[in-house]
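Comments concern the structure below.
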Amino acid sequence: MASAALADIRRAGLKAPTRVIFAVGGLAQAGALARELAGGRPALLLTCSALSAPTGPAARLRADLLRQGVPVELFAGLDHEPTVAAVDAAAARARAVRPGLIVSLGGGSVMDCAKAVAALAVNPGSAAEYLEGLGSRTTLAQPPRPHLAIPTTAGTGAEATRNAVIAAPDRGGKKSMRFDGLLPAAALLDPELPRSVPRAATAAGGLDTLTQLLEACLSRKRTPATSALAWRGLRLVHAALPVCCDRPQDLTARSAMLLASFLSGVCLANAGLGMAHGIAAALGALHDVPHGLACGLLLPATLRYNRAGCAPELAAALAAFLNRAAPRHPEATAAPADDAVIEAGLAAVEALQRRLGVPANLRHLKLDERALQRLATASMGNSMAANPVPMDPERTLAFLRTLA
Ligand SMILES: [Fe+2]
């Protein structure tokens, strides 16, 4: 499954890491891969405190690199979503170490921080100067250092994307550094690593993956190749996500979700997303709603909202999620048969949302009209621009009122 998906990515010429290792116990291959990528220079390993225990994965990874003759500088403590200050601190270390390779071990936050550090290691200035829509620098003068990304959670697919989400509290919330060069050179996917992720984080990450796969199928920037790849991921999620939550040690299910997460990253990097991600970004920035939870909360309602604008594509995507044959070619006109698939698929998404304990509306946030207006305005980012139904702040506000 993984090798067929990787072959599809190459054949279609999609942007994705050049090297991908997907193997149970694959962490043991990191040292040899790092030696190839580091070009005889040291590696800078970025990770979080939880993975830095003396017998934990960061220690094993470091020992493996040293065995392969790659000196390692460890930068741990990346325990929160990256801020400009945290990225700049890690970049300062990188400029001192002058690494040949950046290695990230962690979830989306660690990998995103590492993407920015790989760029700032060889480019001047603060991360703030490169933020999309805010910073004065719109290009990278030097190509970033190679980056080996090793995800320990299944969710964001950040190992396969070319943007780094960074919080700039004094500049209006979260923004992205977005450059083609930020795409990691290599991704190492070891399904043993996510087994220690707690249930709530597993559920939230899985719902992020599901939302990314479904939104990529509906995005205005979708292509036949990205949709076919997303269907591969969707076929995995329906069965595997509940198992990952209920039996965290199940390697078959963890493998399926780690692959689905990677594919969702490739899809979002090549096809964009939609309104669930547009609003989720604003909910995170303005109300601290965790990203995966926000996606899971918004997904059914946004799919219903978009239905009229993309019924054939929605039917095909939900057929894949239900592991049924696609009802029609997705570019064809909607037919009555598609409606039955859409209803069954939406019911399955809602059932998964309930089973994973995710609320179906925003009432718990007690948002008044003014807060809803602010939320609607803040939702108009990149993701919203790719939504199949064209959105503006007024339409978004009307949608949000139905959930508040
Ligand atoms: Fe996401």
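The values are calculated or read from the model by the stated rules, or taken from the named source; none is laboratory data. Only a predicted model underlies this, so the values are computations on that prediction, with no experimental measurement involved. In this analysis, Cβ positions are derived from the backbone assuming ideal geometry, glycine residues included, and neighbour counts consider all displayed protein chains.
Before moving on, here are some points about what is shown:
- So Ala260, is it closer than 12 Å to Ser383 by Cβ, within 16 Å of the ligand (Cβ to nearest atom) and not β-branched (Val, Ile, Thr): no
- Any hit, the range 7-23, residues being within 15 Å of Pro99 (Cβ to Cβ) and either more than 20 Å from the chain's Cα centre (by Cα) or surrounded by fewer than 15 Cβ atoms within 10 Å (Cβ to Cβ) (or both): no
- Checked against the criteria, Ala269 counts as within 13 Å of the ligand (Cβ to nearest atom) and touching a residue at least 40 places away in the same chain (Cβ under 8 Å).
- Residue count, the range 140-192 (criterion: closer than 30 Å to Asp250 by Cβ and within 14 Å of the ligand (Cβ to nearest atom)): 11
- Against the numbered list (1) at pLDDT 95 or above; (2) in contact with a helix residue (DSSP H, G or I) (Cβ under 7 Å, 6 or more places away or on another chain), Ala301 comes up short only at (2).
- Scanning the range 64-113 for residues that are farther than 18 Å from Ser52 by Cα and among the hydroxyl-bearing types (Ser, Thr, Tyr) yields a count of 1.
- Top-ranked residue of the range 146-200 - restricted to ones that are among the acidic types (Asp, Glu) and part of a helix (DSSP H, G or I), ranked as surrounded by the most Cβ atoms within 10 Å (Cβ to Cβ): Glu159
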